[in-house]
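Input: a single structure, listed below in structure tokens.
Computed from the coordinates by the stated procedures, all read-outs in this text should not be read as laboratory data. Please read these numbers as outputs of a predicted model, since none were measured by experiment. Quick reminder, even Gly has a Cβ in these numbers, built from the backbone with ideal geometry, and neighbours come from all protein chains shown.
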Amino acid sequence: MTTFTLHFWLNNQPESVEIPLTATLLDVLRDELHMTGTKRGCGIGECGACTVLLNGQAVNSCTVLALQAQGQKVETVEGLAKGEELSSLQQSFIEEHAVQCGFCTSGMLMSATGLLRQNPHPSEKEIRTAISGNLCRCTGYMPIIKAIEKESKR
Ligand code: FES
Ligand code: FES
């Protein structure tokens, strides 16, 4: 098996890991680094459960080869809270009851984080577009949209 050493920035910390050449970014996060906040759903770019930020852009980490992250900045849900203190966006999700089983939540949070950084005051339509690649089987989406709207008004 051909391997290489991936050097990248993970949640603003330098990280190096020896991985197979064919590993996806999701494989590296979950299986090599045990960062299991990022979820593996479909594995084929359809559900958004594996969403992370790559240089600030929301991507499905199951469809990104880890070598594409060489030297780049990756952010995962583990990077949102500061110790025990949840981020304001995470708090909005709780307040708006935007979490049920939670399987989609880390992906939703990362898509919303990417959106709010680029566009701090999005319209409802822009919010819907930003999370259109994130599937939720529980909430019916409205609480999630309201949570992101709430955060944009804080
Ligand atoms: S697990 Fe990556 S999009 Fe579904
Ligand atoms: S909260 Fe269960 S899939 Fe979204």
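Computed over the chain with a Gaussian network model linking Cα atoms closer than 10 Å, the most mobile of LYS73, LYS125, LYS39 is LYS125.
Taking the fewest neighbouring Cβ atoms within 10 Å as the starting point, the ordered list for MET142, MET1, MET35, MET108 is MET1, MET142, MET35, MET108. Projected label points at CYS42 and GLU95, each 7 Å from Cα along the beta carbon direction, are separated by 3.3 nanometres.
Note: relative contact order over the chain, using C-alpha pairs below 8 Å and six or more positions apart, is 23 percent. Seen against the Cα atoms of the chain and their longest principal axis, helix 105-118 is set at about 80 degrees.
For a straight C-alpha distance cut-off of 20 angstrom, the lysines reachable from LYS39 (same-chain residues fewer than eight places away being disregarded) are LYS73. Sorting the segments 94-104, 18-28 by their residues' average number of neighbouring beta-carbon atoms within 10 angstrom, most packed first, yields 18-28, 94-104. Out of every Cα-Cα pair that the chain contains, those further apart than 27 angstrom amount to 21 percent. Rounded to the nearest 500, the 222 nm mean residue ellipticity of the chain from helices alone is -8000 deg cm²/dmol, with -39,500 (n - 2.57) taken per DSSP H run of at least 4 residues.
log10 I(q)/I(0), Debye, Cα-only segment 3-78, no solvent, q = 0.13, 0.19, 0.20, 0.22 Å⁻¹? The computed values of log10 I(q)/I(0) come out as -0.30, -0.67, -0.75, -0.92.
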